[in-house]
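The values are calculated or read from the model by the stated rules, or taken from the named source; none is laboratory data. For clarity, every value in this text was computed on a predicted model and none was experimentally measured. All Cβ positions, even for glycine, are placed from backbone atoms using ideal geometry, and neighbour counts span all protein chains on display.
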Amino acid sequence: MTRDALPHLLGIWLAVGLVSFIALFRVSAPYGRHLRQGWGPTIHRTIGWVLMELPAAVLPVAFLLFSDRSGDVVSLAFLGLWLAHYFNRALIFPFRMQGGQERMPLSIVGMAFCFNLVNGSLQGWYFFSAGPARDTSWFLDPRFLIGLALFAAGYGLNLHSDAILRRLRAPGDTGYHIPSGGGFRLVSCPNYLGEIVEWGGWALLTWSPTGLVFFLWTVANLAPRAWSHHRWYLEKFPGYPADRRALVPYLF
């Protein structure tokens, strides 16, 4: 691929994200609490999570290994932040989930695998080939510093919210309960809010078109999911806190 192809690729990728955003408000992705029949064969949820998240962790490293920028400190810092998220998401988070033998459709695993295949390739290609090389003065740029603060805050909120959800279930418990504390005081899905803030920070600290498109894709994927979760909580639990919003405190 050439650098000139990047705007066209990102335009197509963003259009796919817009279609997904509209579709996900109409049809809840069938995994977790929204699992239902009609989506084909299933796979153990832990295996599914590892398979679908692993490309995002592996591909940017592959671009590094075949790049002439292996000594680029700024690109390596970007990669370190990226892997901090995806090492957890692919190799730690799936093995800490509660729920026993829950399963997920292979079709969902396949779609998520394809997303991470494309997104991981775009990020790795940009930072180790197509994008500009930056010197270490970038670490003092306000865009990097503010973006890093947002990334860290979002990452922390995501991890803390996941920990609260894990503690809701005792060993052997497969039911669902109302989460409380932390970000759950304000929204039904602070874990998703954390990811959105995290990747918004990523787009800012990298100041890259690939980072911006990934941020928009994250919103397109997680905002409908949060809305589905919120409606599910309201329907399942009559005493669910009325002042909670789905994703954005006091607004949505």
Quiz item: Could we say that ARG231 is more than 28 Å from TRP13 (Cα to Cα), assigned to a helix (DSSP H, G or I) and of a type in the set (Lys, Arg) here?
Solution: yes
Practice problem: Examine segment 132-147 for a residue that is of a type in the set (Lys, Arg), touching an Asp or Glu at 6+ places or on another chain (Cβ under 9 Å) and crowded, with 16+ Cβ neighbours inside 10 Å, and state whether such a residue exists. | Solution: yes
Exercise. Restrict the check to segment 77-84 and report whether at least one residue is over 24 Å from GLY17 (Cβ atoms), of a type in the set (Gly, Ala, Ser), at pLDDT 95 or above and crowded, with 16+ Cβ neighbours inside 10 Å.
Key: yes
Exercise. Run down ILE108, ILE43 and say which single residue is touching a Leu at 6+ places or on another chain (Cβ under 6 Å), within 14 Å of TYR31 (Cβ to Cβ) and either at pLDDT 95 or above or surrounded by 15 or more Cβ atoms within 10 Å (Cβ to Cβ) (or both).
Key: ILE43
Quiz item: Which ranges mark the helices (runs of 4 or more DSSP H) fully within segment 71-179 that have 2 or more residues being closer than 25 Å to LEU216 by Cα, of a type in the set (Gly, Ala, Ser) and more than 16 Å from the chain's Cα centre (by Cα)?
Solution: 73-87, 106-125, 142-167
Practice problem: Collect the residues in segment 118-138 that are without any contact (Cβ under 8 Å) to a residue 60 or more places away in the chain and over 28 Å from ALA15 (Cα atoms), keeping them in residue-number order. | Solution: SER137
Exercise. Test ALA242 against the criterion of being out of contact with any Cys (no Cβ under 6 Å at 6 or more places or on another chain), surrounded by 13 or more Cβ atoms within 10 Å (Cβ to Cβ) and hydrophobic (A, V, I, L, M, F, W, C), and give yes or no.
Key: no
Self-check item: Selection within segment 95-105 - under 18 Å from LEU54 (Cβ atoms), exposed (fewer than 14 other Cβ atoms within 10 Å of the Cβ) and at pLDDT below 90
Solution: ARG96
Quiz prompt | Conditions (1) closer than 22 Å to PHE115 by Cα; (2) of a type outside the set (Lys, Arg); (3) buried (at least 20 other Cβ atoms within 10 Å of the Cβ): number failed by PRO209 | solution = (3)
Practice problem: Check TYR176 against each of (1) surrounded by 16 or more Cβ atoms within 10 Å (Cβ to Cβ); (2) over 26 Å from PHE115 (Cα atoms); (3) modelled with pLDDT of 95 or more and name the one condition it does not meet. | Solution: (3)
Self-check item: segment 1-21, residues that are outside any loop (DSSP other than H, G, I, E, B), loosely packed, with under 12 Cβ neighbours inside 10 Å and among the β-branched types (Val, Ile, Thr)
Solution: ILE12, VAL19
Self-check item: Among the candidates LEU193, LEU216, LEU186, residue that is touching a residue at least 24 places away in the same chain (Cβ under 8 Å) and more than 20 Å from GLY17 (Cα to Cα)
Solution: LEU186
Practice problem: Kindly list, by first and then second residue, each pair from a residue in segment 23-36 that is touching a residue at least 60 places away in the same chain (Cβ under 8 Å) and closer than 11 Å to ARG231 by Cβ to a residue that is surrounded by 13 or more Cβ atoms within 10 Å (Cβ to Cβ) and polar (S, T, N, Q), limited to pairs with Cβ atoms under 8 Å and residues at least 6 apart or on different chains. | Solution: SER28/SER228; HIS34/SER28; HIS34/SER228
Exercise. Might you let me know whether segment 45-54 holds any residue that is of a type in the set (S, T, N, Q), within 25 Å of VAL19 (Cα to Cα), touching a helix residue (DSSP H, G or I) at 6+ places or on another chain (Cβ under 6 Å) and in contact (Cβ under 8 Å) with a residue 12 or more places away in the chain?
Key: no
